[in-house]
Each structure stands twice: as C-alpha cells, then as structure tokens.
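Down below is the structure, laid out as structure tokens.
The values are calculated or read from the model by the stated rules, or taken from the named source; none is laboratory data. A quick note: this is a predicted structure, and the numbers were derived from the prediction, not measured. Reconstructed Cβ throughout: ideal geometry from the backbone, glycine too, with neighbour counts over all protein chains shown.
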Amino acid sequence: MCSTREVAHPLLPYPATVTKIIDETPDVKTFQVVFDDPAILENFGNKPGQCAMLSILGVGEAMISITSSPTRKGMLEFSIKKIGRLTSVIHELDVGDKLAIRGPYGNHFPFDMMKGKNCLFIAGGIGLAPLRSLIDYVLDNRDDYGRVDIIYGARSYADLCFKYDIFDRWPKVKDTNVYVTIDREEEGWDGHVGFVPSYLEELNPPSEDTIPVTCGPPIMIKFVLQGLDKMGYKDEDIITTLEMNMRCGIGKCGRCNIGEKYICVDGPVFNLAQIKQLPPEF
Amino acid sequence: MSVSEKSVLNQKAESSAWKPKIIGFCCNWCSYAGADLAGISRFKQPPYLRIIRVPCSGRVNPVYVLRAFQKGADGVLVAGCHPGDCHYATGNYFTRRRFLIFKRLLEYVGFEPGRFQARWISGAEGQKFADNTKKVVDDIKTLGPNKRMRLDSIPQIKY
Amino acid sequence: MANKSLKKVQLKSLLDKIAGSGQLIAPIQSDGITLFKPVQSGEGVVLDYQNAVIPPKDFFFPQSEKMFSYDTSDPTWAIKPEEGVPERVLFGARPCDVKSILLLDKVFDAEFRDDIYIDKRNKTTIIAVSCNDCRHTCFCGAFGISPGEAEGADLLFTDLGGRYLVEVLTDKGSTLAAECSDLLSDDDGNGPAAKEKAVAPAKEKQMNIDLEGVKAKLDNMFEHPIWAEESLRCLGCGTCTFICPTCHCFDIVDFNNQSSIGYRYRCADSCQFANFTRAAGGHQPRPSKMERIRQRFMHKLRYFVDRYGDFGCVGCGRCLEKCPVNLDIAQIINKVKEVG
Amino acid sequence: MKKVIENLRETAARLLQNKEAEVVIGWGLGSEAVRTQPVFITSPDNVDKLVWNPFCVNGLTKYLSDLKTRPGKIAVVVKGCDSRGIYRLTQDNIIPRDKVVVIGIPCAGQMSYTKLASKMDVSGQLNDVEDKGEDLLIKTSKGDFTVKKSEVLLDKCLTCEHHNPVVADHVVGDTINTCPTPDNYEEIKKFEAMSTEEKARFWLSQFERCIRCYACRNICPGCTCRECIFDAIKPDWVGKEINVSENELFHLTRAFHLAGRCVDCGECDRVCPMDIPIRLLNKKLLKDCKELFNMEPPGSTEEGGSVLGQYRLEDPEEFM
C-alpha cells in the first residue's frame, strides 16, 4: 500500500481567493487564485499535468487541471470552460471572490523522461490548458529539453485560448515553434486553416528523439493518434490524457474507474500503450 | 436516524417566540390581485403569509408544496381564481383535481389536516383574502410548528 | 488468548453490558425485516437471522454521511470536518460481512487514507457470529470464506447449542473479552471441534460455485455478447449496488438551506444509474445498460482482482435474492464459465 | 399448464417466423426453482426458453419503452394485470399500439417468491408444477413440495379485477371465468381510519427505510419520462441525501405522478428490497380518483388517459 500522499482530511477543501481573471474566449476564463493560508500553496507541490478539485460551497465540486506551471510560483491558474452547473457559477466570480480547492490530484506528465528530447505538443481548444503547465515547465527549464514544436488549433480565432502565450510569449523562446490553425476561414486571419490532425500531417515534424504530447476533444485525439502512428512514433512515447466524471479525486468513489485504473489517481496522463491496455470505455 | 418515540408531528410552540411561516402560492390574475386589494384597502391581516406569485394556480407543482415543508414552512396555501374565471380558461380546473387528490394523500400519510390548504379568491375579494389569511394563520397557530419533513430538524444519530 | 465460552442465557446480559458502556450496533427485526441498528440493550437482538438486508457496511460507509460543514458568511468559510463516532461495538456480523469490510479497507485505507472511514473502523470492535445455517442464496465458499471463520473480526461467537464458543482474534477483542470476563468462562477445549460440527450445515447447504478460471476468461470478455444479452432484462435500478456489502461508489453533494450555512455530504451512488458517469457537457462513456452491468460484474470479478488482489464479492447472496429481474451474479459466473 | 406453454411457444415461433414480430418478450426459467426471469427471444429456434407457470411475476410491459426504438414489432407476453400496462404506454404515447403484438395469458394468480422461500427450499431447478386445486405441487431438483396456494399467493392476486388480459392480439390458454374480485379498498380504509399521529408514525418508519434504489420507478409502466425529476440535475428537485425527509418527498412525488395513471400491477411493491408498502400509496390515489372523479381502473380500456389531465365542470368543490 503506497502511502506517499498522506493528508489528514483528503476530502476537505481549503478556501482560496481569485486574484486575477483573464477572458480567454467567449466561454473560457482563466482564474488566478491564491490560498488564504499561504502555507498550503507552499506545500501544494503540484507537478505539470496534475489537477485539483475546485468547489463553490453550496454548488459542488469539479476536477479542473492546473494550467500554470509549478515554476510560476505564488499562485495557481485554472482555465475553465463554462459547461455545467458549477462552471457557470465559477464564471460569475469576480476578483476577490472565494472558492475552495483541494489537491493536487492525479499523476503528471513525464517531464523527467522527456529531458533531453524534443517535444511536440498537439492541442485543440481547451485541451491546451493542461498542456500549458507542461509547456511552461519545459520553456522555464529550456536548456534541459530539445526542440519544442507546438501545434494548436481551435474552431475560430475567438476560440483560441492563451493568445498572449501562443502569439507573443512562446514563439520568442529560442528553438520553439508555435503553429496555430483554425477550423474555418475567417476575415482577418492569415494563418493556417484546417483541423489539427491534418495540419500535423502537413507539418510532419521530424520524429527522431521526439515525445509527442496531445490533448483536446476526443475526436481530435483519435485522429492525432492515427497520424502519429503513421509517422512512426512508438506507443510508449505518445502521451495523452483521459477524462472522466470524477467526484472524490482520491480513487474511492468509483466514477472514473476504467478497468483496474482510476483516472483520478492513476491518470489523467497515460501513454498510448497504457491506453490500449484499458477497456475502451472513456 | 430513527423516528423518535416522541411525537413525530408538531411540537406545540415550545417558546412563545415562534411565529408561523406560511407559504402562499397565489395566482397572478386573481388571488395575487386580491392580496393587493387587501393591502391597499388596509384590511388588517397577520403578517405570516409569504406570497409567491405564480402565473396560474395550475402552475403549482405539488413538489413545490413538499419542498416548502422541507425548507421550513409551517403551512402552505394555494390560491387561484374561482373555477370558471381562470385567465387561461381552464387552468384551475386542473388545479382543483390535482389538489383535491394531493390534500387527501398528505392527510393519508399523516400530515395534519390544515397544514395544506387551497382557496379560490378573486381579484375583487380583498376582504376575503384578508379573512382567509387570518383563518389560515389561526389554523396553523393551533397546529403549532411543523416538524414533518423539515430538513433542518432531521434527527442525526452518529453511527 | 485462549478460547472463551459464554452461556447462551448470558448473551443478553453481555449485550446489555456492552450497550451500557458504549454504543452497541446489533441486528434487530422490525416490520418483518432484519437490519443492523444501534440498540440500547440486548433486548430484541435477533440471533437466528441469516443475512441483514442492508450489510453492516453501513456503519463504516453509511449510505449518506456528512463530511464537513461550512459557513460562507465567515471570512475563513469555517470549514469544519464532522466529528468522529464514539467507540462502539458491532455485534452479529456474519463472516461474509466481515470479509467485505476487509475488502473496503483495501479501498479506503489505501493511498489517500479516507479519514472518515478509518475513524469509524478504528473505533469499532467487531463481534462476528458464525453461521449455523445459511440462506439458499449463500455462496461464500466460492470466495474462500468459511461460515466458521472471520478474519478481520475482533471476536467470533459460534452457537454450540447451549453456549457460545468465543474466539478472541485480536487485541481489541481481547480487551472487550477482559471487560466482560465475569460473564465468560474458559472453553473446555472442545469448542473448536464442536464449532466445525456447528457450521457444517452452512457449508453443505450453500451453493457450490467454482471461480476457477473465471477471472482469466473475463480478461478477454469485454466485448462478449453476454453483456448485451444479460442487460436486456436489467431495470437499471440500484438495488444490487445499494445492498451490496462491497460496493463503495459514492457521490459528493452540497446541501444548504438557502443560507450561508451548509454542509457537504457523500452518499452511496450506483454504477447502474445513467448519471453516474455522465459528465457536464453530456459526454457519457457508459450510455446503456449493457455497459453498466458489464461494469458491475467486471468490477467485482476482474478489475477488483487486478487492483486489489481479491474478488470484490463475498457471496452473501443479497443481490441474488433482491434483484427484481433475477440478474444473478452466481448465474453470471456459471455462464461465463460456459463461454468457450 | 403444459398446453399453455406449448401454445405460447407455437405462437411465438409463428410470430418470429412470419416476421410479425422481431422479438418476443416473455418469461424463462430463472436461477431458482420458483423464479422466472424475463427473456427476449429473437429466433424461432429459441422459443423453448419461454415458460408459463405460477412464478411469472415480472411485469414485462416496461421493456417496451426500452425497446421502442428497435425496428420491427415487439411481441410481449402479458397477464391480466400487466395488460393494463399496454394501454398505459399507448395512452402516454410511449409506443404506438401497432408496434406491439400482445400475447395474453389468462392468469389465476401468481405466487410470491418471498412467501414460497419461507415455506420450502426454493433453490434448485424447477422440473414441473402441478395445480392440485387448493394446493400446488412443485417438483424441483431438490425434491417435491406441496404448498397451499392461498398461503403463497401474491397479495395483489387476492383482489384481481382482470384475470383475463384486457388487451391481447393472441390469447394462449383458456379464459378464466372466476368472478373478478374488485378491491373494495378495505385495507386503505383501515389506514384512513387511523389517527394522524398513527399514520405519521407508520409512514415515517416506512419511508425511513428507503434506500432510494428507484426499483419501484424503473419497473413501473407509468414511469416513462425521458428525464425523471429524481434524476434531473438542474434543478435538483430532490436531494440525494438519504434521510426520512428526502425519502418522503420521493415517495409522495412518485405516487402522485402516478395518480390516476397507476395501473395497479403491484410491481413496485414486489420489487422493493426494503419491503416498503408502496402499493398502499397507489391504492389510496386509485380510491380517491375513483370516488371523486368516478375513474375507471386506469389502463383497462384503450381510451382514457390521465385523470388529472382532464376535468369536468361538475367536479367536487372543496376549496370554495
């Protein structure tokens, strides 16, 4: 029995305050939060790709991936798409309002294993949110990693998240390329038009010594994985994330159970080889 | 939790500070107007009836009534137009059937008669509205606070 | 500690004594059904029952329980965990129920130890009672459980006719036995042999289910048509999961009475309900009854083994008896074995 | 009984053969001697799975709403009480009448599994059942057992209004001519006569037991809402917490949603794992609807609908 993660009351959330809100797209906002007790943030110890349980007391709880890299100290960022009851309430929050957080939960991206290798990040829509924590981690430890390619797409220009990152910040980092695409032609858009999987095949980035990491809507992931397969990547090297309805986050409540795995503790990050071992039920 | 050996129904007002909390679902076109008239006519009536305006008494879902009891109402009143006067022509005929049955069901499972009441009050019947409020409040006062279904007084036994 | 003996006529005094010094939970009968309830004395405790409708799991993992309270009008939100339970004694758990608690331990006492469960577990002394008889739906033998053994319990009582053989299995049990030493005497040494005889009928009468090879078969049966076939008659109700001694899935919900003060509770949830896996936004990984019953049987007989090294079923027979459409896990096991 | 089974299998085989139905829903042998389980037959080769005996307690009409999107017609075997469920579903526009082929079996009464289990060894497999008038001889792999019918009959069968199905495209078995025994609601009257305090104590102790498995709802041919209010997330009509208050809200609402629609098949009562007398609520509503609005037993005729979805100008007036 592994007891590395001991918490006195694992289901108890801690109050935190919203310090900044960024409107990303019409239905996505990024919330910067700090815990009311600074010690909690200090010991939070989140790693890229991990999630936390966000709650509004009286409304409910949901598992949200942490968007900020642990290298960015002093706050946590969550990019949240307005989709259900809880996220609608979270979207109503103002700076200074409170929510409650517990975590961090789940495993993380294999940033150690990726050291010294080239990184290929492929994301669609809100799927860039969990990847952003890893991208920032890699770029903040730039010398540990090889070339970085980021392929990102959304339905339209308005639906692109983190415009300040994909257009301004990331392309300026050395040896880093950001390729952005939108699904349909749009006035004022002179970039690439088309779906992410086809853009990936078009770009066909060199696959030697490269770890591809992908996250996005299920249909995008499906075709990206097919594309990567064609390009000759090994299943063990292809990293993606799974998503399920979750309640407890600590491997007890059974909702995110797929086969012998619990996505909340054994996931959400899996490589393709692991996913192929799971019953196809996600 | 277990149903205690004490009375499972009301407890007679333990302190004199208790004020009845009565929810009145009033139809917009008649009973609410009646309440309005009772107000501007300065008819004296006890202040314990809290009115929720609904478009038609037929809009009142019996779950609203049960929910009101859960959330601490001591009594519930549904009031609408007299049969035949419905703004939507027939809404209150359905109300009539629905709550005839519902009232009997509540009493069958052990709600005191009087906890739930229904009345027809037209927009012109300000006096009737005031009289009726008095009557309902008196009834509920006699019955005492409602304990049945209240979510905040469910006996909690730790086990 | 050596085996003890309790005269049958003294049992009530023993239970009275336990109830007098703390909380006692025991099976009682009301409206014709047997349920475990907290009792004030040994009065009315039934002993010839075979299986309570709701397993004693309810006292470790209640169907619904408060986790913490809060007050959002307080600047710190005043999030307070619920107080723990008092020290208590659970009397009358059957060997299968005791085993089910050990299985729940594997879930709740794993990584991220569940403090709410562990508190209840630590503060409970379990007195198990061997089965002299069994229901026609029992098949605990299939999971290696014996009607006369209860590893995980603190004391084990076995009805030997005029007396109970009292086996002390743990230190906790030894403490309780010491507290009640005035009522217990030393066993004359014939107890264990007599016990074998006493539980023999329960061993013989129960269904003979053999699990040999079932797990291996299930490993390759995810896509098998048996699930679609069996799911046709499933109603999608939660009976089987709510009366199951090993089911541990739950939901977490907030309650507030339209004020700043409220609490968060967890309550048993069922993988048989559509809402169980439906995500906000409508994504539904298990859209029909087929996927849902497959999850139930696979979880018990395959996934649980893979994850925790043991079957997630104890053969108590509750779901066999209560399923409205006779969707019988023992029958499923037999059908799986017949699959070529 | 053997003749009925033969007849039933023949009918089913013919329907499947001639493509008059794509699937036949009936009863097959269960995992225990006195249990049957619903079976779904799609090939004439498998009709031997169909059985008919006094243990065919399950109402099968609810499955029609599960299978309504399936192409082709669905044949379903019904007893008298279940047959009212057919009209419930057609009146509620859940399934068109011409999509359903009704195979009716006149039924003299069904035996309760719980009652039987307390009287005999019900494990083992059923070999044969013989009707000996007052008694029933049940031959199982564990031996032969004789039980008194009156002692093991389902309670609902004591007051049966429809021994013969109210609707059937094919009838297998002989019409039963015993006089129907309409319920005169004696039991309900007994409860009505109790004091308010007694009623409350009784019902609260019943509701308190509920584990909210929703079996009563899921078996009910009247519960066919696309999204049940007890499953709706927004708004949360009923709290998920299991306590006597939320349980009561559930039970009263469930019963009331069936007021004037409940076909009184008694299945909710049978399936309840906690033995809550759910039917006492339904019966009360049936009695009131009958007394106040002169309602026919719901589901007994093709026309009709929900009593609470209709009105008459001269309905009783109490609210003044």
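Structural remarks
- Conditions (1) modelled with pLDDT under 95; (2) within 14 Å of chain B (Cβ to nearest Cβ); (3) under 30 Å from C:Lys66 (Cβ atoms): number failed by D:Glu227: (2)
- Being without any contact (Cβ under 8 Å) to a residue 60 or more places away in the chain and within 11 Å of chain C (Cβ to nearest Cβ) is true of A:Gly259.
- B:Arg104 at negative phi, within 10 Å of chain D (Cβ to nearest Cβ) and of a type in the set (D, E, K, R): yes
- Residues being within 15 Å of D:Ile242 (Cβ to Cβ) and charged (D, E, K, R) - total across region D:186-224: 3
- Taken over region D:61-73, the criterion of being part of a loop (DSSP other than H, G, I, E, B) and surrounded by fewer than 24 Cβ atoms within 10 Å (Cβ to Cβ) is satisfied by D:Lys68, D:Thr69, D:Arg70, D:Pro71, D:Gly72, D:Lys73.
- Hey, B:Val60 modelled with pLDDT of 95 or more, closer than 30 Å to C:Tyr265 by Cβ and more than 11 Å from chain D (Cβ to nearest Cβ) or not: yes
- Exclusive hit being crowded, with 17+ Cβ neighbours inside 10 Å and part of a loop (DSSP other than H, G, I, E, B), set D:Val57, D:Val76: D:Val57
- Across region D:226-249, the qualifying residues are those that are touching a helix residue (DSSP H, G or I) at 6+ places or on another chain (Cβ under 8 Å), assigned to a loop (DSSP other than H, G, I, E, B) and among the aliphatic types (A, V, I, L, M), and the one among them that is surrounded by the most Cβ atoms within 10 Å (Cβ to Cβ) is D:Val238.
- Taken over region C:77-136, the criterion of being within 14 Å of chain A (Cβ to nearest Cβ) and either in a strand (DSSP E or B) or touching a strand residue (DSSP E or B) at 6+ places or on another chain (Cβ under 8 Å) (or both) is satisfied by C:Trp77, C:Ala78, C:Ile79, C:Lys80, C:Pro81, C:Glu82, C:Leu102, C:Asp115, C:Ile116.
- On inspection, B:Phe99 passes the criterion of being within 13 Å of the chain's Cα centre (by Cα), within 8 Å of chain D (Cβ to nearest Cβ) and in contact (Cβ under 8 Å) with a residue 24 or more places away in the chain.
- Unique residue being β-branched (Val, Ile, Thr), more than 18 Å from D:Ile5 (Cβ to Cβ) and away from every other protein chain (no Cβ under 14 Å) when the list is D:Val122, D:Val100, D:Val129: D:Val100
- Residue in region C:41-61 that is within 14 Å of chain A (Cβ to nearest Cβ) and in a loop (DSSP other than H, G, I, E, B) present: yes
- Scope region B:14-51; condition over 16 Å from B:Lys128 (Cβ atoms) and touching a helix residue (DSSP H, G or I) at 6+ places or on another chain (Cβ under 8 Å); matching residues: B:Pro20, B:Ile22, B:Ile23, B:Phe25, B:Tyr48
- Evaluation of A:Lys20 against (1) of a type outside the set (Val, Ile, Thr); (2) at pLDDT 90 or above; (3) within 21 Å of the chain's Cα centre (by Cα); (4) buried (at least 16 other Cβ atoms within 10 Å of the Cβ) (one fails), failing number: (4)
- For region D:110-197, the helices (runs of 4 or more DSSP H) that sit wholly inside it and include 2 or more residues that are exposed (fewer than 14 other Cβ atoms within 10 Å of the Cβ) are D:186-192.
Here is a yes/no grid of residues against (1) buried (at least 20 other Cβ atoms within 10 Å of the Cβ); (2) within 18 Å of C:Lys12 (Cβ to Cβ); (3) in contact with a helix residue (DSSP H, G or I) (Cβ under 7 Å, 6 or more places away or on another chain); (4) acidic (Asp, Glu):
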position: C:Cys131; (1), (2), (3), (4): yes, no, yes, no
position: C:Ile145; (1), (2), (3), (4): yes, no, yes, no
position: C:Thr170; (1), (2), (3), (4): no, no, no, no
position: C:Ser174; (1), (2), (3), (4): no, no, no, no
position: C:Asp186; (1), (2), (3), (4): no, no, no, yes
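- Only one entry of A:Ile40, A:Ile56 meets the criterion of being within 14 Å of chain C (Cβ to nearest Cβ), more than 25 Å from C:Ala279 (Cβ to Cβ) and not hydroxyl-bearing (Ser, Thr, Tyr), and that entry is A:Ile40.
- Qualifying positions in region D:250-300 - within 14 Å of chain C (Cβ to nearest Cβ), in a loop (DSSP other than H, G, I, E, B) and over 14 Å from the mean Cα position of the chain (by Cα): D:Pro273, D:Met274, D:Asp275, D:Ile276, D:Pro277
- The sole residue among C:Lys322, C:Lys337 that is in contact with a helix residue (DSSP H, G or I) (Cβ under 8 Å, 6 or more places away or on another chain) and surrounded by fewer than 19 Cβ atoms within 10 Å (Cβ to Cβ) is C:Lys337.
- The criterion of being farther than 29 Å from A:Asn271 by Cα and in contact (Cβ under 8 Å) with a residue 12 or more places away in the chain does not hold for A:Thr67.
- Pairs where the first residue, in region C:273-285, is within 16 Å of A:Met63 (Cα to Cα) and the second is not in a loop (DSSP other than H, G, I, E, B), C-beta under 7 Å, 6+ apart: C:Ala280/A:Thr87
- Residue in region D:25-39 that is surrounded by the most Cβ atoms within 10 Å (Cβ to Cβ), counting only those that are more than 18 Å from the chain's Cα centre (by Cα) and more than 9 Å from every other protein chain (Cβ to nearest Cβ): D:Ala33
- Index of the failed condition, C:Asp251 passing every other in (1) surrounded by fewer than 19 Cβ atoms within 10 Å (Cβ to Cβ); (2) farther than 28 Å from C:Ala142 by Cα; (3) of a type in the set (Asp, Glu); (4) in contact with a helix residue (DSSP H, G or I) (Cβ under 9 Å, 6 or more places away or on another chain): (1)
- Members of region C:1-48 found to be surrounded by fewer than 17 Cβ atoms within 10 Å (Cβ to Cβ) and of a type in the set (Ser, Thr, Tyr), listed by number: C:Ser13, C:Ser21, C:Ser30, C:Ser41
- Region C:265-278, subset farther than 17 Å from C:Gln295 by Cα and within 7 Å of another protein chain (Cβ to nearest Cβ), residue surrounded by the most Cβ atoms within 10 Å (Cβ to Cβ): C:Tyr265
- Any hit, region C:241-248, residues being within 29 Å of C:Pro147 (Cα to Cα) and away from chain A (no Cβ under 14 Å): yes
- From the list D:Cys223, D:Cys210, D:Cys268, the one residue that fits, being of a type outside the set (Val, Ile, Thr) and buried (at least 24 other Cβ atoms within 10 Å of the Cβ), is D:Cys268.
- C:Leu24 more than 10 Å from every other protein chain (Cβ to nearest Cβ), hydrophobic (A, V, I, L, M, F, W, C) and outside any loop (DSSP other than H, G, I, E, B): yes
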